[in-house]
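Beneath this line is the structure, given in structure tokens, with notes to follow.
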Amino acid sequence: EEIRKRGILKVSYLPLATNPNKYKKIDVTKEENQEYGFDVSFVGRPFPNRIETFESLSEFKLGVFGDGWEEWFRTKTPNYFRGKALNGKVLKIYSSSKIILNIHDPEAICGVNTRTFDILSCGAFELVDYKPELEHLFKGGEEIVYYKDIANLKRLIKYYLDNPKERNNIAEKGKMKVLNSHTWNHRIKEVIHILHSEGFVF
């Protein structure tokens, strides 16, 4: 919309997506499930909004993974930080934990990150901070669940931990939505369609 306001009318919005060949549910061993089977997990870098959220979730079994945490805290990382997520560890986390939290970085205003699609592609239950674009991509409460403040987040965590059948049903519907609509193959087809509609010939 901002680009259109500046006079460039031939512009289209293309959301991010996922690669289902890379992000998929995997079988985990009993030991891996014990290591990565948190109530709530997050994979990503530290930002103030993320840290504020994690520090409010001490009542839950929380596992946070990613790069940059040692540098951010320098002296002592928080007890919810569990290390980097390298060499396939992300898939083990997504396949083991009950709830996968997705908190966008502070610069994300309307759109969503690739993690939004990656988590669902793995068949995991995703709880994400609200962004307007979510309403156009998924059915909230049916394929993905989003929250608007920390109090709301805590209520939702408690609810879905207590209702595993509903949680798993949402995760399965979210996975099917991603596989049917939100892979990079879908995005490439959309690009080709747009170019064709503008008269480009391949």
_Cut-off under 5 Å, modelled amide H: who pairs with Ile144 long-range_ = Lys139
*Taking the Cα atoms only, what angle lies between the long axis of helix 164-181 and the longest principal axis of the chain, rounded to 10 degrees?*
30 degrees
*Where a ≥ b ≥ c are the square roots of the eigenvalues of the C-alpha gyration tensor, would you call the stretch 1-50 rounded, which needs a/c under 1.5, or, failing that, prolate if a/b is larger than b/c, or oblate?*
oblate
*For the stretch 90-107, what does the Karplus curve 6.51 cos²θ - 1.76 cosθ + 1.60, with θ = phi - 60°, yield as ³J(HN,Hα) per residue in whole Hz, taken in order and with x for Gly and Pro?*
4, 5, 5, 5, 5, 8, 10, 6, 6, 10, 9, 8, 10, 10, 5, 6, x, 7
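Take the chain, mark every one of the GluC sites (Glu not before Pro) that falls in a DSSP loop and has at most 12 other Cβ within 10 Å, then report the longest stretch left between them, sites excluded. The partial results should precede the final answer.
Values: sites that count: Glu1, Glu59, Glu107, Glu142, Glu198.
No qualifying site falls inside 2-58, the longest such stretch.
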_Taking the Cα of Asn163, stepping 7 Å toward and past its beta carbon, and measuring to each backbone N in the stretch 39-57: which are under 20 Å?_
39-41
*Assign one of three labels to the stretch 103-168, namely rounded, prolate or oblate, based on the Cα gyration tensor with a ≥ b ≥ c the square roots of its eigenvalues; rounded applies when a/c is under 1.5, prolate when it is not and a/b is larger than b/c, and oblate otherwise.*
oblate
*Under 1.5 on a/c is rounded, so check that first for the stretch 58-113, then, if it is not, pick prolate when a/b is larger than b/c and oblate when it is not; a ≥ b ≥ c are the square roots of the alpha carbon gyration tensor eigenvalues.*
rounded
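Using a probe of 1.4 angstrom, how much of the accessible area of the stretch 28-102 is carbon and sulfur, in percent?
Numbers: 1780 of 3820 Å².
So the carbon and sulfur contribution to the accessible surface is 47 percent.
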*asked:* Suppose the Debye formula is applied to equal point scatterers at every Cα of the stretch 10-99; what is log10 I(q)/I(0) at q = 0.25 Å⁻¹?
replied: -1.30
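Over 20 Å between Cα atoms, which of Lys76/Lys158; Lys98/Lys165; Lys61/Lys92; Lys24/Lys154 qualify? Numbers along the way, then the final one.
On the way: Lys76/Lys158 29 Å; Lys98/Lys165 11 Å; Lys61/Lys92 17 Å; Lys24/Lys154 27 Å.
As for pairs spanning more than 20 Å Cα to Cα, those are Lys76/Lys158; Lys24/Lys154.
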*Once both axes come from the Cα atoms, what is the angle between helix 184-197 and the longest principal axis of the chain, in degrees from 0 to 90, rounded to 10?*
20 degrees
*Tell me what the chain gives for mean residue ellipticity at 222 nm when only DSSP H runs of n ≥ 4 count, each as -39,500 (n - 2.57), the sum divided by the residue total, rounded to 500 deg cm²/dmol.*
-12500 deg cm²/dmol
_Computed Kirkwood radius, in angstrom, where 1/r is averaged over Cα pairs of the stretch 15-162_ = 15.6 Å
_Can you give me the long-range amide H partners of Asn102? Hydrogens built in the peptide plane at 1.01 Å from N, cutoff under 5 Å, separation of 5 or more residues or another chain._
Leu127, Val128, Asp129
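The values are calculated or read from the model by the stated rules, or taken from the named source; none is laboratory data. The model shown is predicted, which means the values in this text are computed figures rather than measured ones. Positions of Cβ are backbone-derived with ideal geometry, glycine not excepted, and every protein chain shown enters the neighbour counts. The area values use the complete protein model at the heavy-atom level, side chains included, leaving out ligands, DNA and RNA. Shrake-Rupley method; radii C 1.70, N 1.55, O 1.52, S 1.80 Å.
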